[in-house]
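Asker: Pasting in a structure now, in structure tokens, and then I'll have a few things to ask.
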């Protein structure tokens, strides 16, 4: 992801409907599996510009890790917690047994070997640690938005679940989300299939009129409550909640 995108993320992630509603859904999943406690350590791997860390820090002890100096600069300015630059395998070497929760928010799609990346995390964690993961869904939604953000893939639910098959993990929850707004987003992404080189570095993220932002936020955040009752059959994204176990469990 280029520096302009990091700057845009930092400017919008406290107010933009997509960031806010996604964050509410992520936090709801954490609260259901990791009881809020200032002594519990939650680490965000691929913390970006720090919006999730800022929210998590209200309920947990937090730490962020990212490979981008630009991301670490922005995140460090938003939270008083430790935000480290580097590969998580090196940075977290002395922390694994202290960690109670891990967040991977739209990270795996950036990684060339997503299965190995997740395996390295899950095998290092202590049993009982919760891992919350979000990824973008459906290859047919691919557009210059994905190119600008440095995505390598989008996922179907079956492919997503295969990432932790035969790993020491129990699946607590897995579902598509951002379902209610799927039709207009899908249409917008299809219209963004522009291969003009000079447009490949621009994502769909941009400021939104306050009234429209409030409407979209209200629609998207409804899914937090819907997901308490049902798993959604499709959506722009996927979310999973996993628990590290002593031995492999059926996915």
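Asker: Listed residues 191, 187, 212; which is at pLDDT 90 or above, surrounded by fewer than 17 Cβ atoms within 10 Å (Cβ to Cβ) and more than 30 Å from residue 241 (Cα to Cα)?
Answerer: Criteria check complete, one pass: 212.
Asker: At pLDDT below 95, loosely packed, with under 15 Cβ neighbours inside 10 Å and more than 30 Å from residue 228 (Cα to Cα): is that true of residue 150 in this structure?
Answerer: Considered against the rule, which asks whether it is at pLDDT below 95, loosely packed, with under 15 Cβ neighbours inside 10 Å and more than 30 Å from residue 228 (Cα to Cα), residue 150 comes out as yes.
Asker: Identify all residues within the stretch 2-18 that are surrounded by fewer than 19 Cβ atoms within 10 Å (Cβ to Cβ) and touching a helix residue (DSSP H, G or I) at 6+ places or on another chain (Cβ under 6 Å); write none if there are none.
Answerer: The one that is surrounded by fewer than 19 Cβ atoms within 10 Å (Cβ to Cβ) and touching a helix residue (DSSP H, G or I) at 6+ places or on another chain (Cβ under 6 Å): 3.
Asker: Related question: What number of residues within the stretch 194-209 are more than 19 Å from the chain's Cα centre (by Cα), assigned to a loop (DSSP other than H, G, I, E, B) and either surrounded by 11 or more Cβ atoms within 10 Å (Cβ to Cβ) or at pLDDT 95 or above (or both)?
Answerer: Matching residues across the stretch 194-209 total 7.
Asker: Return the residues of the stretch 55-67 that are surrounded by fewer than 18 Cβ atoms within 10 Å (Cβ to Cβ) and either within 15 Å of the chain's Cα centre (by Cα) or in contact (Cβ under 8 Å) with a residue 40 or more places away in the chain (or both); say none if nothing qualifies.
Answerer: Passing the criteria: none in range.
Asker: Keeping to the stretch 224-251, report how many residues are in a loop (DSSP other than H, G, I, E, B) and at pLDDT 95 or above.
Answerer: Going through the stretch 224-251 one residue at a time, the tally reaches 10.
Asker: Then there's this: Evaluate the following for residue 162: is it at pLDDT 95 or above and more than 27 Å from residue 117 (Cα to Cα)?
Answerer: no
Asker: Restricting attention to helices (runs of 4 or more DSSP H) lying wholly within the stretch 77-173, give those where 1 or more residues are in contact (Cβ under 8 Å) with a residue 40 or more places away in the chain, out of contact with any helix residue (DSSP H, G or I) (no Cβ under 8 Å at 6 or more places or on another chain) and under 27 Å from residue 58 (Cβ atoms).
Answerer: The helices (runs of 4 or more DSSP H) meeting that bar are 114-124.
Asker: Just wondering, is there one or more residues in the stretch 217-226 that are surrounded by fewer than 18 Cβ atoms within 10 Å (Cβ to Cβ), touching a helix residue (DSSP H, G or I) at 6+ places or on another chain (Cβ under 8 Å) and within 23 Å of residue 102 (Cβ to Cβ)?
Answerer: yes
Asker: Answer yes or no: is there a residue in the stretch 34-52 that is surrounded by fewer than 17 Cβ atoms within 10 Å (Cβ to Cβ) and in a loop (DSSP other than H, G, I, E, B).
Answerer: So far as the stretch 34-52 goes, yes, one or more of its residues are surrounded by fewer than 17 Cβ atoms within 10 Å (Cβ to Cβ) and in a loop (DSSP other than H, G, I, E, B).
The values are calculated or read from the model by the stated rules, or taken from the named source; none is laboratory data. All values derive from a computational prediction rather than experimental measurement. With ideal geometry, Cβ positions are generated from the backbone for all residues, glycine too; neighbour counts draw on all protein chains shown.
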